[in-house]
Structures are given as C-alpha cells and as structure tokens.
Amino acid sequence: MGPKDDPSSTPRAVTASLAAFNTPLSSEAAALGFRGWHPRGHLPHFDMPGTVQAVTFRLADSMPVHVVARLAAMEDSPAKRKLREDWLDRGRGACCLRRPQIARLVEDALLHFDGERHRLGAWCVMPDHVHVLFEVGTTALGEIVKSWKGYSAREANRVLGRRGASWEEEYWDRCMRDERHHRETVRYLENNPVKARLTKTPDPREWPWSSARRRDAFGRLPSERGTVAGGQEAADWKVRTPSSRLNSPASCSSPTS
C-alpha cells in the first residue's frame, strides 16, 4: 500500500463535512453566495459549503465545437467523462499552459488562497486544462473558480501580449462521494501527465506543475503537515470553516459532469 492508498492520508473533510445533494440550502450559506444545485450555461453545478470538489477548467481553444456539442448531448456517465478527458489530453489549440511561465502563474493562483478561501487536496496544470481537488470553505465554488480564471487570464494575456478570453467560460465539477472516490481522484489528477505521455518516466513527480511533486514520503502536502500557504497553521482552517453550521453533513452521491 502506497502513501496515496493509505486511508489515513485522506482529508477528514471527505467523510465529515459533505453536504447531501438533497439538503436544502441554508439561509446563512445563501447569504454567503452559495447556490446549491443550479444551472449555468449547459452544465449543472452543485455549490455547498464544506464539500470536497474536483473541478476541471480548460482553455477556450482546447476542444472543437462538434465535441463540445456531443458532450452537451450526453448523459453523465464514465463514457462521457472518458471522451472529455481523452480530447483534453490530445493537447489541441495553442496550449499556452505548456509554457513554464504561464503554468507557474496558474499554479500560483491556485495556491494563493489555500487555507483561506479553500483547502487544496490535489491539482495538476496540463497544457490546455487544469484539474483541482479542494475543500470549499465559506467562499462559493463559482467565485473560487472565477478568481482563479480571472487572475490567470489577465496575467497570461499580459505575458503573451494579447487580449481576449483565455478560458472556456464553463467548468466541470464533481463532489467527492467517499474516501475511495477521493483517493481515485487524487491518483487520476496527479497521473494525468503520465497518461498523456508528457513525462519521460511513469513517476508523476516528474511533472513540475502538480501536487505530486510537493508530497512528502507519506503522501502529505504541506497543508496536511501543519502549514498552508504563507506558513499559516492548518489547524486554523477548521475554525474558519463552519460547514457544520452552514449545512448538516450527510452522505454524498455523484453529480453530473
């Protein structure tokens, strides 16, 4: 059993702080900007405090229109998710995230509010898309993603000397059902560069823009070892994430993509 297969390395939030999909949105959570189940564009989103979410967002030119239309017409299923990931791993379009300077600023955006607006569990910046697994705090999911995309788009355009949209407006999100789902998601995210043949070896730590290279011998990230970005004590996170008051913990089943 490796470090990532060890249940003790899975954040307690996966089983302790998940809100059920059918739990009504509390007035306190709504006041903070959370929306529960809501449609946005052609994708449904689930937005509750205290959930652990896996989010994927992509560059605007990374997928042809006919594939986008095909995905929109499909019901959620493993086949749909495989089709989406296979297309993203082809590296279509300009793939500006392949440039180290751009990839670094995207990763910096993810890390900037780690332990404050959210708590990162895993991430990977691919040439044309980004995967992030994180626990939502008291900032709504949509606002977190908007912040990542907005900052990184502005900075990337400045570096590239261009204007216009960098990211596709929509994103995919999935709530973690249980510890097994969480472990499988971490494994997939961190091994995505290996699967896409972007590394010379099968070691995911070879890819410079992911959480894999930051893990210690026990599979822990810095935030799981007692500190988060800026040296803040990780223990403070639970104090400032009143998910137990915002919505009651309960079981969780998979949402649509």
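The values are calculated or read from the model by the stated rules, or taken from the named source; none is laboratory data. Note that the coordinates shown come from a computational prediction; the quantities given were computed from them, not determined experimentally. No Cβ is skipped: glycine too gets one built from the backbone with ideal geometry, and neighbour counts run over all protein chains shown.
When each of CYS124, CYS175 is tested for being of a type in the set (A, V, I, L, M, F, W, C), in contact with a Ser or Thr (Cβ under 9 Å, 6 or more places away or on another chain) and modelled with pLDDT under 95, the lone residue that passes is CYS175. Limited to the range 180-209, what total is found for residues that are within 11 Å of LEU133 (Cβ to Cβ) and touching a strand residue (DSSP E or B) at 6+ places or on another chain (Cβ under 7 Å)? Counting residues in the range 180-209 that are within 11 Å of LEU133 (Cβ to Cβ) and touching a strand residue (DSSP E or B) at 6+ places or on another chain (Cβ under 7 Å) gives 5.
Among the residues making up the range 185-210, those that are surrounded by fewer than 21 Cβ atoms within 10 Å (Cβ to Cβ), in a loop (DSSP other than H, G, I, E, B) and either among the acidic types (Asp, Glu) or touching a residue at least 24 places away in the same chain (Cβ under 8 Å) (or both) are ALA196, LEU198, ASP203, PRO208.
The set of residues from the range 103-132 being assigned to a helix (DSSP H, G or I) and not acidic (Asp, Glu) comprises ALA103, ARG104, LEU105, VAL106, ALA109, LEU110, LEU111, HIS112.
Suppose we keep only residues that are under 15 Å from THR139 (Cβ atoms) and of a type in the set (D, E, K, R) within the range 17-47. Which one would you say is modelled with the highest pLDDT? Residue satisfying both the conditions and the ranking: GLU28.
State whether the residues of the range 159-168 include one that is farther than 17 Å from MET63 by Cβ, touching a strand residue (DSSP E or B) at 6+ places or on another chain (Cβ under 7 Å) and of a type in the set (A, V, I, L, M). Checking the range 159-168: not a single residue is farther than 17 Å from MET63 by Cβ, touching a strand residue (DSSP E or B) at 6+ places or on another chain (Cβ under 7 Å) and of a type in the set (A, V, I, L, M).
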